[in-house]
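The values are calculated or read from the model by the stated rules, or taken from the named source; none is laboratory data. Everything numeric here is computed off the predicted structure, so don't read it as measured data. When we count neighbours, we look across all protein chains shown, and the Cβ atoms used for this are built from the backbone with ideal geometry, even at glycine.
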Amino acid sequence: MSDTSGSAGPRWLNEEERHVWRSFLTATRLFFDQVERQLQQDSGLPHAYYEILVRLSEAPDHTLRMSQLASTSLSSRSRISHAVARLEESGWVRRRPAPDDRRGALAQLTNAGLEYLASAAPGHVETVRCYLFDALTPQQQAALREAADAMVAKMSDKPVWPAVDDPTADAGGRR
């Protein structure tokens with residue numbers, strides 16, 4: 001990480017910053033372990049695949065370019081291609097050539113994929129609600145959103161989730 005303070009040495013964390021860092025690290029690891037465990041147990045689906053289904057469910061015509069799916073998922077094109085291939089095997093996604101670009105490909109959520117997502121979403125949303133929202137006051141939720149948005153803005157120059165802010169969407173991306 002580059003040092004923007006102008007000094008030659010590392011900018012070591014003070015005691016409070018170390019505590020914030022370790023609390024954040026522990027909380028996010030425990031949280032995502034719960035989310036992953038619930039999805040695997042209840043739906044047999046890794047969170048990364050669930051996220052692909054959600055992103056496609058929110059897209060116009062349930063379709064995204066593979067490159068857009070990769071970039072907004074913060075994943076490599078090869079990883080997304082592998083995941084979409086697995087979702088195709090299950091009949092939940094289909095891949096087709098992009099009509100305006102011979103080299104491009106589109107991923108589209110099938111009706112079966114939409115049904116599968118609808119069956120997986122309630123358990124996922126309950127887990128998110130239980131371990132995130134029920135643990136925080138409304139003020140803490142607002143502060144977490146503000147902090148997370150600031151971190152994303154610092155690390156990414158483009159939106160990684162649909163830019164449209166839909167207050168009616170639940171944690172599974174469904175309305």
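At a glance:
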item	result
Qualifying residue in segment 68-87 (condition: crowded, with 17+ Cβ neighbours inside 10 Å, in contact with a strand residue (DSSP E or B) (Cβ under 6 Å, 6 or more places away or on another chain) and closer than 24 Å to VAL152 by Cα)	yes
Close pairs (8 angstrom Cβ cut-off, 6 or more residues apart or separate chains): surrounded by 11 or more Cβ atoms within 10 Å (Cβ to Cβ) in segment 20-31, outside any helix (DSSP H, G or I) anywhere	TRP21/LEU13
Filter result for the condition that a residue is of a type outside the set (Val, Ile, Thr), surrounded by 15 or more Cβ atoms within 10 Å (Cβ to Cβ) and at pLDDT below 95, over LEU117, LEU53, LEU45	LEU45
Which listed residue is touching a His at 6+ places or on another chain (Cβ under 7 Å) and either hydrophobic (A, V, I, L, M, F, W, C) or assigned to a loop (DSSP other than H, G, I, E, B) (or both), from VAL35, VAL84, VAL20, VAL54	VAL35
Subset tally (residues that are part of a strand (DSSP E or B) and either free of Cβ contacts under 8 Å to residues at least 24 places away in the same chain or in contact with a helix residue (DSSP H, G or I) (Cβ under 6 Å, 6 or more places away or on another chain) (or both)) for segment 96-107	7
Residues within segment 110-154 that are β-branched (Val, Ile, Thr) and assigned to a helix (DSSP H, G or I), tallied	4
